[in-house]
Every structure is written in C-alpha cells, then in structure tokens.
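The values are calculated or read from the model by the stated rules, or taken from the named source; none is laboratory data. Because the structure is a prediction, the values reported are computed rather than measured. Cβ placement follows ideal geometry from the backbone for every residue including glycine, while neighbour counts extend to all protein chains displayed. Side chains are part of the model used for accessible areas, which takes the heavy atoms of the whole protein and leaves out ligands, DNA and RNA. Shrake-Rupley method; radii C 1.70, N 1.55, O 1.52, S 1.80 Å.
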Amino acid sequence: MNAAVRIDPETGLKVFNTRAAKASEKIGGKGYSVLNDQKLKELPEMPAGSTFNAEEQAKYRAFKEARRGAADYMGMEGEFKKYLDDVYSEPPIPREALTDECEILVVGGGFGGLLLWHRLSEAGFTDVRFCEKGGDVGGTWYWNRYPGIACDVESYSYLPLLEEMGYVPSMKFASGFEILEYCQSMAQKFGFYDHCLFHTTVEATTWDEPSGRWIVKTDRGDKMRARFVILANGILTTPKLARIAGMEKFQGESFHTSRWNYNIDLRGKTVGIIGTGATAVQAVPELAKIVGQIFVFQRTPSSVDVRDQRATTDEERTTWANEPGWARARRARFSMISAGRTAIQANDDYLAGKIQESRKPHNYDRTLTPEELIQKQLDSNFRIMEQIRARVDAIVKDPKTAAALKPYYPYGCKRPTFHDEYLPAFNLPHVHLVDTAPRGVAEINERGVVHEGVEYPLDVLIYATGFQWMGTSTFNMVTGRGGRTLKEKWETEGTKTFLGLHSHGFPNLFIVTGPQGGGGSFNFTDAIDAHSDYVVWMLQTMRERGARIVDVRKELEDAYAEHCRDVDLATAPLRDCISYYNGEGNAAPGSLAYYGGGKWHKHRIPAQSTLEPYVFEDGELTVSGPAE
Ligand SMILES: Cc1cc2nc3c(=O)[nH]c(=O)nc-3n(C[C@H](O)[C@H](O)[C@H](O)COP(=O)(O)OP(=O)(O)OC[C@H]3O[C@@H](n4cnc5c(N)ncnc54)[C@H](O)[C@@H]3O)c2cc1C
C-alpha cells in the first residue's frame, strides 16, 4: 500500500494518499423518480383576476410577522457535536503532521476545490494542496446523502466539465449519489487525490507579515505555510439545529440530514422529521415509501413547484456526441436566464439552442422605472405563488393539511423547491403533517416531539434543519494583518469585500462563492467557475509582474460593499420574508448573497483591465496600480 505522504522524485513535491474508504455498502440511494401521472407534473391554471392587492399583501405581512424571531438555531456543539461525525467514511488514514510549505493551499474539496484544481493545474500551478474535512471529494454531495437527494439546477448545466469528462448525466436532475460519483471521477481523472489531505479540518489561518505567508493549522496537528490561501469551503456547509427545549433527552435514534445514518433501518419505523425546506421536500417522499409512520413537523411551508423529472434521452446522447462544446454552450445559455423560476424550469428547447428566448420578452411601451419593474416582478411573482398554492388544493385531499401546506411570501424569498411526489405523500394514511406554525416545535422529551400538549412518540427523529448560509464559521479562523479575524472585521465594519473574493487586510487570500461574490446565475457551479478563472488570472498576473503579495485598496472595497448594499436594497421587496437567505430577517443589506445579476462582471472587468483596485508587493517594494 502507498504511504499516506511521499515525495514525487520528479517534482520534489509531496504526494498524498489520504482518501478514506466508504464506511459501509449500505450507503446509497437515488434521487427523484420519473412519474407518469401528467396531472402531478402541471401547475393548475392561473386563478382568474389574481392581483397582489392590499388584502394579499397584508396576508403576506401577517405570515412573516408571526414568524419573526421564531428561528432560533444553534451550532452542533457539546452533546450535539456527535451529529457532525463523518458517518460516510472509514476512520482517517494515519499520517505524519505536516510542517512544510506549499504555494497554494485550498480549504475544501467540493466542486470549488475540484474546479480550482482543474484551472490551476492547466495554468501550470502544481504546488497546490487541499485540506478537506470529509474523507473524500464532493463537498455538498459528500455530506448530503439523504434518500431522494438530487440537484435542482438541471444536471446538464450544473455538472461542470461534462465534455472534458466525456460524461452525460443519466437524468435531467441527477441524484446526489450520481453527482458524488461524478466528483470522484473528476478527482481521479485530474489527479486531485494526490493533492488532497482528507479528514483534515483547517482550524486557523494566520497571516505572517515577516515571511509574507499564511500559517495554516489543522486538527491533524499540521502547521503548514502557504503563500496563497483559497477558501472554497462552501455556502451551505455548516449544519445547524433548531434550539428546542429537551432535545438532549430524546432516547431514540436521531441525526441531521447531512449525516444520514444508514446503519439505522427505517423500514416500518415511526419517524419524525423536523423542518420542511428543500431537503425535507426531497426526502419525505422516499421516506414515505419505507417507514411505518412519518410525522412531518412544519413551521413554514416551502413553495413546491413542478419538477418533471426525466431520463436523458437517446436522442440527446446522440446529438451531444456529435456536438463539440454542447455542455459549455448549454451552461452559458443557462447563465443568461435572469428569473429564478425560469432557470429552474430549465426549458430544454432554449437550453439546447433550438429557440433563442427562455421566455416571452415583455414589450412595455416605455422604459419602466426600477420601482415599476419591481412592482411588475412582485405581481408576476404573486401569480406564480397563486398557482403553487392552487396546486396544493388540487393534490392534497385533506383541506386542513392543504391549508397548512400553502406558503405566503414572494416566490424565491425562501429557497424554492420542486417535487411531484411531496404533496401527494400527504394523502397517504401513514404520512402526517404536524403544523407547528408559526413558532415551530418547542419541546422534545425522552419519547419524541410534543406539540400543543400532544406527544408524538418516535423511533427515529431526523433534523432537516438546514445549514448556515454564507457567513460560515470558517471566517473566524482567518486572521489577517494586525491580528484581526475576518469575522471581527466584518462585525465591526460590516461585510467588506472586493468582488466577494478579496478582503482588505487579508493579503493573498481568496474567498470562492462567499458573501458578496457574484458572477454566477442560479447555478452555483457557474459562480465557482467564474471565481476559479478570476483566481487563476490573478495568480498569473502576479507571476508576470513578479509580485508576491496582493491586497485590495480600502476605498474600492468600501465602494463595492456600498454597491452590494444598494442592489440588495433595490430588490428587497422581492425577499420580504424570514429566510436563511436574509439571516432570518436580521442580515444587514448587502452582507450575504449578491443580488446584482450581471453587475458583478461590470465590476470585475474594469478591475482586471486597469488593476486599479489592487496593491501588489514584491516582498520589498510596494507597487500599486497598473504596470507601465
Ligand atoms: C442539498 C443541497 C442541494 C443543492 N443543490 C444545488 C443545485 O441544484 N444547484 C446549485 O447550483 N447548487 C446547489 N446546492 C449548493 C451547493 O452547495 C453548490 O452547488 C456547490 O456544491 C458548492 O460547492 P463548494 O465546493 O463551493 O462547497 P461545498 O460543496 O460545500 O464544499 C466545501 C467543502 O469544504 C469543506 N470544509 C469546510 N470547512 C472546512 C475546513 N475548515 N477545513 C477543511 N475543509 C472544510 C467541507 O467539508 C466541504 O466538503 C445545493 C446544496 C445543498 C446542501
């Protein structure tokens, strides 16, 4: 067997062999099923005369206000730390602690890490090291293996580098298990495994001014130096739990959906699931197929839109085999779609290039003001939600359950979901919706969940309570110039970045798909692509200039943060609900996701051509701005 760490005699670089074996063959599953019942795959007609009038607006407001402050989440600490254990892999491969240096150290081995490696190695950067908490690649798709998991962005656009990999996904919305295997194939093909330290969590990254290096410490005792650190640690990586009185008392089995315990046989069991977001919407229909009873504890219903899953056709396979660049072109078309629902509906004719528009263009007789445009969006958005609510009535037989399953907030304000089996599941005699609106589950005891004096005894309790969004805990481990952490900086000054990728005072640090980082569409791998290209461009620019250190100018960072704030505020009515996207209603405008659409590129392009935002140092001399 190969040593966990060896030296490549040709390059003198360390080569790693730390990928952990799969813990159990029981771990496996599939995503969405293909359904034949056409009725389940269509939204009802738009209710006649629907307008987002004062009465409807008041209903939305009441729905929101009733939930204000109800979201009380906590990290997995103390007795709940066990929920973070890596249940998917064999224990870590033993290895010596590393105390050496590399040029580029990347945190994360998801699509971010994989795409960065692909671009970096193509550009000739080979002294690159990855640290990944999990035992294998995949990130999101490593950790999330719940039954029913699938991507919601069509897989032909979501999976990157399909041509390079010579791969065509089996389904329009590939299962998470297929996506994980795809990540593993990418890692094999591009030689990623040799560069990655698995089961290695970066705990601290500290800028050392005298050496112009980052000092990176891990939970494996490593203390490595790196000239550049790239955070590719994801947007939805840190699972969270709702804080519920008595949860530590529960005597049955319990776990979070991002650490699915396949050692527990759920067949015939009485199962409770807390949370009805995107994960539960995918998992509940699959659970309903095997469990004895399932109780779904809901505080706020998701918008459940049509999925229309299908297998990849033979015709598509033949066409794409003869169409070089098909996947890149499809991804590019996908990225041109500016409306969330249109993107996710993934019109095949448009994406295949057979028609030029993803939806009928609006022909207004004059240019609308930004306020008028928002109003138009709110109105059409309301009509989509009316159809989604009408779909609930059309499918769910019990009127009380149907009423509880109807969401009242602007479409897309909370993570939209798509499924054709979730709503019908509530017609099954063993599937029970427990409506805990508006405050959520408040008590758990030894036997199960208690709501409004009724006890629901459970064999297994599953937390589908989601993840921290964007502001991951990782930022408190990055200490820049002056001994200040990124978290401290952002807490005192507000979130400040340039393009989401740099933050002043944190030289040679790049943040991939972090707060304020745009560049993508509704497809996250597209944003990762844009960010990877940018990082490689910067590293090449520095190489050409002989620069060793890059930081950004404070004024330009301030201006960019202001821009993020403005675009967030301008479109805020579209996100008027309590959602993880807006920090449960508490996030400062512009501090989390980027709502500027293509405007990110409008900031990036001049920055790259003028180099004005950057301060380059070569170690002794400080050079600023464009080269002569
Ligand atoms: C269930 C689910 C479904 C999704 N579906 C879609 C979809 O359909 N379309 C879409 O565009 N997006 C989707 N997303 C978002 C998804 O996260 C991104 O598409 C993409 O996979 C992110 O890749 P990443 O590499 O940036 O982050 P991740 O995949 O989250 O990978 C980050 C990695 O960093 C590691 N890490 C974090 N901190 C540390 C540390 N300190 N030290 C070492 N390692 C660390 C983590 O273990 C993780 O493996 C989904 C997310 C979830 C949770």
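For trypsin sites (Lys or Arg not before Pro), the sites in the stretch 330-394 that DSSP calls loop and that have at most 11 other Cβ atoms within 10 Å are LYS354, ARG366.
Number of Lys-Lys pairs in the stretch 59-201 with C-alpha atoms under 30 Å apart and a separation of 8 or more places or on different chains: 5. For the stretch 278-378, the list of chymotrypsin sites (Phe, Trp or Tyr not before Pro) that fall in a loop by DSSP and count at most 15 other C-beta atoms within 10 angstrom reads TYR364. A straight Cα-to-Cα reach below 22 Å connects LYS269 with the lysines LYS26, LYS30, LYS249, LYS289, residues fewer than 8 places away in its own chain not being considered. Computed from phi, the 3J(HN,Hα) profile of the stretch 550-561 under the Karplus parametrisation 6.51, -1.76, 1.60 (θ = phi - 60°) reads 10, 10, 10, 6, 4, 4, 6, 5, 4, 5, 5, 4 Hz, with x in place of Gly and Pro. Listed by chain and number, the lysines placed with their C-alpha closer than 21 angstrom to that of LYS602 are LYS496, LYS554; residues fewer than eight positions away on the same chain are left out.
Determine the share of the stretch 1-70's accessible area contributed by carbon and sulfur atoms, expressed in whole percent, with a 1.4 angstrom probe. The computed percentage sits at 52. Each Cα pair under 8 Å and six or more residues apart adds its sequence gap; the mean of these over the residue count of the stretch 1-107 is a relative contact order of 41 percent. Over all distinct Cα-Cα pairs of the stretch 237-293, the Kirkwood formula returns a hydrodynamic radius of 12.7 Å.
For the stretch 348-443, the fraction of 1.4 Å probe accessible surface lying on carbon and sulfur atoms is 50 percent. In the stretch 448-546, the C-alpha radius of gyration followed by the widest Cα-Cα span (Dmax) gives 20.0, 70 angstrom. Distance from the alpha carbon centroid of the stretch 418-464 to that of the stretch 187-264 works out to 31 angstrom. When DSSP beta bridges are restricted to pairs lying wholly in the chain, around 45% turn out antiparallel.
Separation of the stretch 103-161 and the stretch 276-350, taken as the distance between their Cα centroids, equals 20 angstrom. Quick note on the stretch 50-122: its Rg to Rh ratio, both from C-alpha atoms and Rh being the Kirkwood radius, is 1.27. In the stretch 39-85, the C-alpha radius of gyration followed by the widest Cα-Cα span (Dmax) gives 20.1, 54 angstrom. Label reach from GLU491 (point 7 Å along Cα→C-beta): in the stretch 53-87, amide nitrogens under 16 Å belong to 75. Residue separation of GLU96 and LYS39 scaled by 0.36 nm, minus their Cα-Cα distance, works out to 14.6 nm of gained length. Among the GluC sites (Glu not before Pro) in the stretch 325-409, those located in a DSSP loop and surrounded by at most 15 other Cβ atoms within 10 Å of their own Cβ are GLU357. Once the convex hull of the alpha carbons of the stretch 1-79 is built, what does its volume come to per residue, in cubic angstrom? Cα convex hull per residue, to the nearest whole number: 402 Å³.
Per residue, the accessible area of the stretch 415-552 comes to 33 Å² when a 1.4 Å probe rolls over the protein heavy atoms. Across the accessible surface of the stretch 303-343, with the other protein chains kept in place and a 1.4 Å probe, carbon and sulfur atoms take up 52 percent. The label point for ARG6 and the one for GLU544, both projected 7 Å from the Cα toward the Cβ, are 3.9 nm apart. Its residue count N sets the reference 2.2 N^0.38 Å, and the alpha-carbon radius of gyration of the chain equals 0.96 times that reference.
Placing R0 at 30 angstrom, the Cβ-Cβ distance between ARG328 and GLN188 gives a FRET efficiency of 0.90 after rounding to 0.05.
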